[in-house]
Structures are given as C-alpha cells and as structure tokens.
Amino acid sequence: MLSQQIRSSGSLLDSLDSIRNWRAALLLLGTFVAMALVFAVGGMLARFSFALFALFALFAYVVLFYGANAAGMMIMDEARGYPSRPMMAAVMTSLATSHRLILVFLLLGVAYLAGFLVLALVLFVCKIPFLGPVLYAVVFPVSVVIAGIAMFALPTVVFPLSAPSVWNGATTMQCVSQLVAIVRRRLLLVLLLMIGVTFIAGLVAFLIGAILFSGTAVTALLSVPILGGGMGGMGMGMGMEDMMGGGVMGMAMGMGAAGGHMVGAAIGGGILFAIAFTLPGLVYLRGACTVYLRAIDGLDMAAEQAAVDAKIAAARDKARAMQAQAQQAASRPAPAPAPVHAPMGFPPAAPAAAPVAPPFAAPAQPVPPVQAVPPVRPPVAPDPLATVGMAAVRPLPVATPPVAAPVAAPPTTAPLMCPSCSAPVAANDMFCGECGHKLI
C-alpha cells in the first residue's frame, strides 16, 4: 500500500512547474528585497541605538513571514489545480490568516512540553526501590519510540506541513488535528516524500548556482582586460574588508572606490542571484503543498477533528475538576486538634477548680492599743570626788551598766463572748447582737 502511494506521488516532479509561476516568484522576490532593505536600514541605525536595530530586525522577519505565506497561498492554488490568486489578494489573506501558524506552533510547543513533563514524572516513579527497575525495563523502550517519533515529526511533518494546512484554509485546531492524523497514519509516507522534495529543491539550487558562478567567472575574466582598471576589484572581492566592516555604507564606499562599472556589476549581480535563488524556494513550497495534499487524501478529517476536540474537552474538564477540588479544600475549616493523652501509669490531670469566695465572718473584738513603755535608765554610781574632797586621785573603777531586763509584752485579753450564744461582743456592749442577751 505504501509503494502504491509512493508511485501515485509522481506529481512531486510537477513542483518544477512552479518556476513558471512568475507572479508567485515576483512576490517572493519582493519579499526578500523588502526584508533586505529593512535589515539595511536597521544596520545603519545600529550605530545610534541597538533598540532601533532590534526593532527593524523584528520588522524584517515580519515582512518575510507574511510575504512567504502570501507566496505559499498562490502556490497552493496552483497545486490544487486552480489558477493562482492575485498578489494583493494573497497578501491580504496572508495578513488575515497567517497568525494561525504561530498559534499552531505555540499549541504544539505546549503539547511537547506536557509530554516531557509526563515522561519526567514516569521516570521519577521508576526510582521506587525493587519495583522501579522492573518498571523502567518497560518504560525505557516505550519512551524511546514515542520520543523518537515526536522529535522526528518536527522537521518532517510539523514544520513543512503546518504552513500548507493554513494555506489550504484550515483553522488553528483543524491544522493541529490534521498534523496529528498525518503523524499517526502517514508518517513514513510523508518522511519519504519530504526527502524527495528536499532533494529536488537542492538539486535545482545546485544547478542554478553552478550556472551562475561559472557565468560570473567567464564574464569577469573578459570584463577585466576590456573595461580596464574600473573592474579590478571584481577579482579581489570589491574590497571585502570595507564591505564586511561597515555594512551597507561600507559596501557602498567599497563599490564607489572600485568605479562605476563595479557598482553596475554589484547591483545587477545582486538582482540576478536574488532571482536565481528564489526559484529553489518556489520548488520547495510547491513540493510541500503536494506532499500535504497527498497526505490528507483519504483521511477522515471530521473524525480526527472530533477526536482532538474530545481530548481537549476531557483535559479541560479534568483541569476544572482539579481546580474545584483545590477551592473546596481551601474553603474547608481546619480540623480540631486531637486531645493529648496522658502517658501510661499517670492519671490524667484533674481540671483546676474555680476559686470559691470566702464566707462572710463577723468582725472580731477590737484589741486595745499597746501603751508605750518609757525607757529604763541604768543607776548612776555616786561620784567619789563629791565626798572625798581633794583626796588623792586614783583611777576610778569602770562601772559596767546593768543589762536592762526585757520588757514584757502587755498581756492580751481573750475576746469577749456572749455567755448565751458564744457570739463575739465588745466591752461596751449592753446586749448581745445575735441573741439579745443582756450583758450588763
């Protein structure tokens, strides 16, 4: 079946007919020239501000992106058997729909990143002791095959066939579903056909280059002796040091120093080489369109689109369910702390009793104040000189003062109580306050 499909794909040689589509060639050539001019202006502004150079470089790539897609849409019309649309219509359609290609690449990038994360998670599971090596014996060959197919599909299916899908009018999700279907069912066929397209475009580029370089050598050998010194720089590269060092301005200065003939040769040669190497690009675009149309031929694109939509919806529902579970877990109140059990052998501590207010007590009998006791002075010995007159003075004996006796504390009287009910009473009470008994 594969051989039959390959034999029926002999229309790859029809991609050579794209060389005769002069409108698509002119549009692609104008795209390259516009990109080169924007780059040149950015190069002249680079000496003033690198930000301006980066802005102009980005704008140059934007011009290349939309211009190449417009030329591809004209080539797709031809590959489908219709006449190519006008250039302005192709440019307007490219400006309106080419952004889908960027979205396709972003979605596929997210899918590849998710696949790498899943593979990393599975490899982490394989770190489980005892079970990990057994599981890795199955994971390793399966992951090698899946990762190899995914990485090999990038240069053979994703990059060359994404743009033809958009040129054919597919939306972003339709383009993704078509690429998935091609990878699942026609990967080997697309691989072999894209190798053939690359070989044909490379062969065309080699032939055109050989023709141009050989013609340049012959023309230069005849121009130098006939036109004189003005063509002397052609054999030495037109002052390449000035051109490489100064960008566009250096190129202009180098050509001006070489003479007017050299300037004419540079301008004409640049246009010729730009046109010449536009043709292999047209051949490659036509071949990619042919491979795309051959790959989707016979595939149920509606079923593939429904399958992709179902998988995306399932992934979206799962993400919503996980988000709902996370919100529910966040709104759930925190559980009460578990009671702390007492260690074995020790009874649990009893709760502390609340303080109880003391009962009301009757006032006690007032104690009479303690009277102050005057200090006791020690006795004074009589002066011997007062009785002996002028007798001979002899040393007086030092009298030791007697130790004062400790003052006894006044006796405390017992509190007075009623003889009838034994309730405390005062000394000046005439009746008992509890039972009314007469005290005096």
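The values are calculated or read from the model by the stated rules, or taken from the named source; none is laboratory data. Note that the structure is predicted; figures quoted are calculated from it, not measured. Cβ placement follows ideal geometry from the backbone for every residue including glycine, while neighbour counts extend to all protein chains displayed.
Worth a mention:
- LEU37 vs. criteria in a helix (DSSP H, G or I) and modelled with pLDDT of 90 or more: no
- In the range 111-160, the qualifying residues are those that are more than 27 Å from LEU101 (Cα to Cα) and of a type in the set (Gly, Ala, Ser), and the one that is farthest from the chain's Cα centre (by Cα) is ALA137.
- Enumeration of residues in the range 50-65 that are surrounded by 19 or more Cβ atoms within 10 Å (Cβ to Cβ) and out of contact with any Gly (no Cβ under 8 Å at 6 or more places or on another chain): VAL63
- Total residues in the range 57-109 satisfying the condition of being under 28 Å from the mean Cα position of the chain (by Cα) and assigned to a helix (DSSP H, G or I): the figure is 17.
- Looking at the range 240-347, the helices (runs of 4 or more DSSP H) lying wholly inside it that each contain 3 or more residues that are at pLDDT 70 or above sit at 260-296, 301-331.
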